[in-house]
Amino acid sequence: MSDRRNTTLIGLLTGVSFFTLPSLATAQDTGFSISDGTRLIAGDARLAELAQVQVARTPADLHVTVDGLGVSPRLDLEVVAANDQRVVLQSRINYPAWVVRGEVRLLDQATGRLISTAAIASNASIALDLPAGDLAAVYRVYDSAGRFDETAPIALDRVHAAPEEQGIDAAARRRIPVSGGAVTVSGTGLAPGAVVETLGETLRADSAGAFVLQRILPPGDHAVPVQVAGQGVLTQPIVTIPKAEWFTVGIVDLTFGETLKGFDKGATFTNGRLAYYTKGKTAGGWLITSSADTGETEIRDLLRDFDRKDPQGVLSRLDPDMAYPVYGDDSTLENDAPTNGKFYLRAEQDGSKLVWGNFKGELTGAEYLRNERTLYGLQGVYRSPAQTSGGEARLAATLYAAQPDNLPGREFFLGTGGSVYFLKRQDISIGSETLTIERRDPVTGRVIEQRRLVAGRDYRINYIQGVVTLSAPLSGFGSGGVVQPEAGSTPETRLAAQYEYTPTAGEVDGYAYGGRVETWLTDQLRLGVTGMVDQTDIADQTGMGADLHYDFGKNSFVELEAAKTRGPGFGSSSSDDGGLIVSTDPSVSGTGQGYRFKTSVDLADLGLTAKGSASAYAERRSAGFSTLDYQTTADETLWGLALDAKVSDRVGYKLA
Amino acid sequence: MTDVDSDGDGIPDGIEGPGDRDGDGIANALDYDPTGTFYCEDTGQLRSGGRIAVTGPLGTQSGVGSSNHITIVRDGSDGRFQFYVTQAGTYTLALTYPAGAQPSTSRLNSGALDLTTLLPADPGVIGAGEFGAKGKLGDFSAGANPFYLTFVVEAGDPHFINNNIPLMGCPSSAGVVASKSADRSTAVFGETVNFTLNFENTSALTYMAAHVVDLLPDGLVYTPGSATVDGVAQEPVVTGKRLDFTAVDMAPTDHITIHLSARVAAGAAGALTNLTWLEDATGALVSNRASATVRVEPEAVFDCSDVIGKVFDDLNHNGYPDARVGLPPLTDDDVFTGGKYGNPAPKAVPRDYEPGLAGVRLATVNGLLITTDAFGRFHVPCAALPKTGGSNFILKVDPRSLPLGYQLTTENPRVMRLTAGKVAKMNFGAALAHVMDINLTAKAFVQGTDHPGDAFLQAVRELVDRIKVAPTVLRLSYLIGQGEDVDLANARLKAAETAIRDAWRWVGSYELGIARDVRRVK
């Protein structure tokens, strides 16, 4: 094929020449030139030369890529420098076109109380003076409709920074609908450290004289000038990002054969395979991903058992790191259509989505009834376009019906002061883990605070060996030692790991269903209803619950939750030494109820001049109440009160 | 002759007499003899949960009770049934099998029985009786237990007993407990799996000449010479997948432990379940069937086919990644661009005549997205598990992930037939193919507007005519002069593109790529 192209190129070169176009050749001052790079075809020869010189002057090898389907938003906050009093933070975001403002929110790590906010522009850096205390920062960006994305809390006591384009996505909450195209500008052959301006950013080439920058831009035409200090604008391509585009690859594979020799001579076979993968977006804002693969089989069986599980399951369980081949390149792999069946479909628009395939359960919001398992089946998420002033959808609903392929594992590790934790199981399903740091009351077992960890930044995991390595040591106690800094008992800190693993023998039967509907009746009041059913071999584990959340000020809220569970319960295991010795906690079976009340009041929200906060909780759980977090063997009633007030600069009260 | 019926089986003691028919030490008159039982054909155990119904000339009686001259004394729910009729005629037995049990497929009923043929025996004994009151037939072999579902009854016919109904699918409650374990739960092709078989006689009986049977699944092959019985090497008789060990007498509390090894054969996949049990001399099952399951994983080296390749800048449009002639080999650590040991990195030397294209995305039909590295290289580990005759694999470059103005010079998508255990290479070439540079200045347009001038439109028509067949990319540049308005320049550029596309619409034979840019002239 390429040979044919070469001959046509030569034909083009010989067939078209300056002299065969007299009408144009005489028009010297036409204001345009058409050339094939070496030879003028029409127009003004001087212009072509001028342009040639322009091109020749650019030593850099510049590439601009426009990719409407490879959009992956990134949001991160980097700690560039830090000491006890002061910290320099750098915003990293590759979709600034959607963002109207951003802020860094400083939180008290122990209570999650908002201490202060500071505005930060996209991809800018700010220096902040830190108040005393154990602080974390959350980076939040708002779009014009008031929706916001924010990162998981980022510890401020250690520096972590990566060059542009090598950062990770630390977003823990994503509500801004980012669609459009990823425009990537890359160049090589610049002077090391050369200052490049493009896509509205200024950056420096690396020591090899290369740079790369990616930004997500909305659909439409965009000029992308690339300017290098001292060399002027090298190029200014105008790129068009289409509103709708599709990428499809498919195959129809038929094999007919006859055995010519041997035992089953004369036997014929007709095998076939139909498979496709497509990804595209519509002008209406839908992003569609779909794939199907019948597998290679007899033609008459091609479309049979289309919903059956596991034709490619063995492939997905293979870990390339376990195999002998070493490939010697740094290419990356991503499964865009993960499914245990033959079919995959994902349709998303503005936070709502419909998925058939593998997905992560997203039952969150209630504290008792949560489900973050990785499942195979159908999932629907709806978020109404109408929003509260806080950027939450007025009505949100999540439903799933799934056939679990794996078994859930749940483990708790008391912080050892080290950063390596060994999971009980090996061969963890890739990407199925959810790691949370929990602070628990050691006496009552009440979960005080949970913080979800971000893969890559907070931890690394070896799926085959089942080893979690945190990026910072985790201590089991808020601060060790004899002196108790807080009244009452010091909370213990645990690492909670939830993951899926494939049982080595036998199959997992049963189905899992669940759903949650939550609505913000006013901007302050949220009501939610959750229900879930997990069928297991023994019996169904069912859970139903309702919850209410009411905000009355920046840091003040009331939460009520009631839940009821029935069934054989969830098992879990725990370890005090990082996973060397593991004890299995038996599951609690039966029927039980749990009620929870929690409030936190900032004195400022009550109009008081004194600084501080008061909080209270009360919980009652009956024996047999079993959720992923709680196993209640006997009736429990807990309550607590805490007051932390600072009446003047010198006098403060603390009560707990 | 007396009418006393001590055991309540409906047969007066005087008829039953003092003998001991089944040899269990209980006189017949005191030994309860039901009309029949439900029993497990593998073990002889009576099975509860079944039901009978009897249909006669006048109608049906189901459950305990009397109607239509039929009286059911026991309905079979405890494993034994008993009925009698008081009128001549043909009576049919309808069976409801216990939950979980199935009718026997190897023991079939013998059709109709004319009870008169049983005479002179009274009671007429059809099958074996329950041994004592142990809930088990004394002899549960097929030959000793014919059974009938239709009975022709006349006046003067004898009593009849032990019409035993065979069942399959009973949970074993045999006297010998078998268990089996494998030393690993997963295995790959060629690996040896070691099985341990344990048998323990928990009953009070001695099983004479019993032998152990091991049934290997497809995909597991017995390793000759690997079997030991209680530590002593013994070679089983191998018949296909079935291994038969030498018969032994198994007395109460006896143990047998057998170790054997099996290899995973080529083509095995999924869960392989190995069964084992103990058979007595007649071939009847005298233990439960123990199983051990091993999951066979695909083996990367033998079962997978990997795909490697490169997406390269095909400068000479020949479709092959050409290397520069005479270069030193590429085993030079110095090209690591990040610097080492605190020293700045030496300047990277371009090694390839046709360098790779970074960040290009390739897709498989399963939605696997591969992004090339900085040198354009990629790999798809275990891209497929090809069949014996090979399987096709398709890979497609997403052209939108190529730099602006690039077109593929090789086929896209590409299909290759993969062979298990072999690596395949798929290179994709892309290049700024047949670039036509079109440079524009203000003079090409009607002054003050974005309308292209007539000379340009004429040139466009001629250009389109010449490039309509050979795939070409147009690079449309606007050379902006001092003091010119950038917005107007952009509008003019767009108008020029529109003019070209209008001219192209009905003439061109392929999708014309047009890259636009604005350049500043110094």
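Checked against (1) in contact with a strand residue (DSSP E or B) (Cβ under 9 Å, 6 or more places away or on another chain); (2) more than 10 Å from chain B (Cβ to nearest Cβ); (3) within 30 Å of residue A:241 (Cβ to Cβ), residue A:258 meets all criteria but (3). Of everything in segment B:375-407 that is part of a strand (DSSP E or B) and small (Gly, Ala, Ser), the residue that is nearest to the other protein chains (Cβ to nearest Cβ) is B:391.
Look at segment A:199-209 and say how many of its residues are touching a residue at least 12 places away in the same chain (Cβ under 8 Å) and at negative phi. Don't jump to the end; show me each part of the working.
In the first step, residues of segment A:199-209 are kept if they are touching a residue at least 12 places away in the same chain (Cβ under 8 Å); the result is A:199-201, A:203, A:205-209.
Retained after the next criterion (residues that are at negative phi): A:201, A:203, A:205-208.
Residues meeting the conditions: 6.
Among the residues in segment B:502-509, are any surrounded by fewer than 17 Cβ atoms within 10 Å (Cβ to Cβ) and either among the charged types (D, E, K, R) or in a helix (DSSP H, G or I) (or both)? For segment B:502-509, residues surrounded by fewer than 17 Cβ atoms within 10 Å (Cβ to Cβ) and either among the charged types (D, E, K, R) or in a helix (DSSP H, G or I) (or both): present. Counting only residues that are crowded, with 17+ Cβ neighbours inside 10 Å, in a strand (DSSP E or B) and more than 9 Å from every other protein chain (Cβ to nearest Cβ), segment B:417-447 holds 5 of them.
When segment A:249-279 is filtered for residues that are assigned to a strand (DSSP E or B) and surrounded by fewer than 15 Cβ atoms within 10 Å (Cβ to Cβ), the ones remaining, listed by number, are A:252, A:254, A:256, A:257, A:258, A:268, A:269, A:270. Need the failing condition index for residue B:308 against (1) modelled with pLDDT of 85 or more; (2) within 14 Å of chain A (Cβ to nearest Cβ); (3) loosely packed, with under 15 Cβ neighbours inside 10 Å, just the number. Among (1) modelled with pLDDT of 85 or more; (2) within 14 Å of chain A (Cβ to nearest Cβ); (3) loosely packed, with under 15 Cβ neighbours inside 10 Å, the lone unmet condition for residue B:308 is (3). Each residue in segment B:465-502 was checked for being more than 9 Å from chain A (Cβ to nearest Cβ) and in contact with a His (Cβ under 8 Å, 6 or more places away or on another chain), and 2 pass.
Among the residues making up segment B:504-522, those that are aliphatic (A, V, I, L, M) and within 13 Å of another protein chain (Cβ to nearest Cβ) are B:514, B:515, B:518, B:521.
Scanning segment B:48-66 for residues that are among the small types (Gly, Ala, Ser), touching a residue at least 12 places away in the same chain (Cβ under 8 Å) and part of a strand (DSSP E or B) turns up B:53, B:62.
Being without any contact (Cβ under 8 Å) to a residue 40 or more places away in the chain and either in a strand (DSSP E or B) or among the hydroxyl-bearing types (Ser, Thr, Tyr) (or both) holds for only one residue in A:183, A:233, A:239, A:212, and it is A:233.
Confirm whether residue A:295 is under 30 Å from residue A:242 (Cα atoms), modelled with pLDDT under 85 and not basic (Lys, Arg). For residue A:295, the condition - under 30 Å from residue A:242 (Cα atoms), modelled with pLDDT under 85 and not basic (Lys, Arg) - is not met. Against the numbered list (1) at positive phi; (2) within 14 Å of chain B (Cβ to nearest Cβ); (3) surrounded by fewer than 19 Cβ atoms within 10 Å (Cβ to Cβ), residue A:221 comes up short only at (1). Of the listed requirements (1) within 13 Å of chain B (Cβ to nearest Cβ); (2) touching a Pro at 6+ places or on another chain (Cβ under 7 Å); (3) surrounded by 16 or more Cβ atoms within 10 Å (Cβ to Cβ), residue A:216 misses just one: (1). Of A:172, A:191, all but one fail to be of a type in the set (A, V, I, L, M), over 28 Å from residue B:399 (Cβ atoms) and either part of a strand (DSSP E or B) or within 30 Å of the chain's Cα centre (by Cα) (or both); the exception is A:172.
Return yes or no: is residue B:215 over 30 Å from residue B:304 (Cβ atoms), within 29 Å of the chain's Cα centre (by Cα) and crowded, with 18+ Cβ neighbours inside 10 Å? Criteria not met by residue B:215.
Name the residues in segment A:431-466 that are assigned to a strand (DSSP E or B) and among the small types (Gly, Ala, Ser), would you? Explain how you work it out, then say what you get.
Taking segment A:431-466 and keeping what is assigned to a strand (DSSP E or B), we get A:434-440, A:447-452, A:455, A:459-462.
A:455, the sole residue that qualifies.
Quick check: anything in segment A:72-93 touching a residue at least 12 places away in the same chain (Cβ under 8 Å) and within 14 Å of another protein chain (Cβ to nearest Cβ)? There is at least one residue in segment A:72-93 that is touching a residue at least 12 places away in the same chain (Cβ under 8 Å) and within 14 Å of another protein chain (Cβ to nearest Cβ). What number of residues in segment B:7-47 are charged (D, E, K, R), in a loop (DSSP other than H, G, I, E, B) and more than 24 Å from residue B:280 (Cβ to Cβ)? Matching residues across segment B:7-47 total 5.
I'd like the residue in segment B:311-324 that is under 17 Å from residue A:328 (Cβ atoms) and part of a strand (DSSP E or B) and, out of all such residues, is farthest from the other protein chains (Cβ to nearest Cβ).
Applying the first criterion (under 17 Å from residue A:328 (Cβ atoms)) to segment B:311-324 yields B:311-312, B:321, B:323.
Now restrict to residues that are part of a strand (DSSP E or B): B:311-312.
Details: B:311: 10, B:312: 12 Å.
Here the residue is B:312.
The values are calculated or read from the model by the stated rules, or taken from the named source; none is laboratory data. This structure is a prediction, so every number in the text was calculated from the model and none was measured. Glycine gets a Cβ as well: all are built from the backbone with ideal geometry, and neighbour counts include every protein chain shown.
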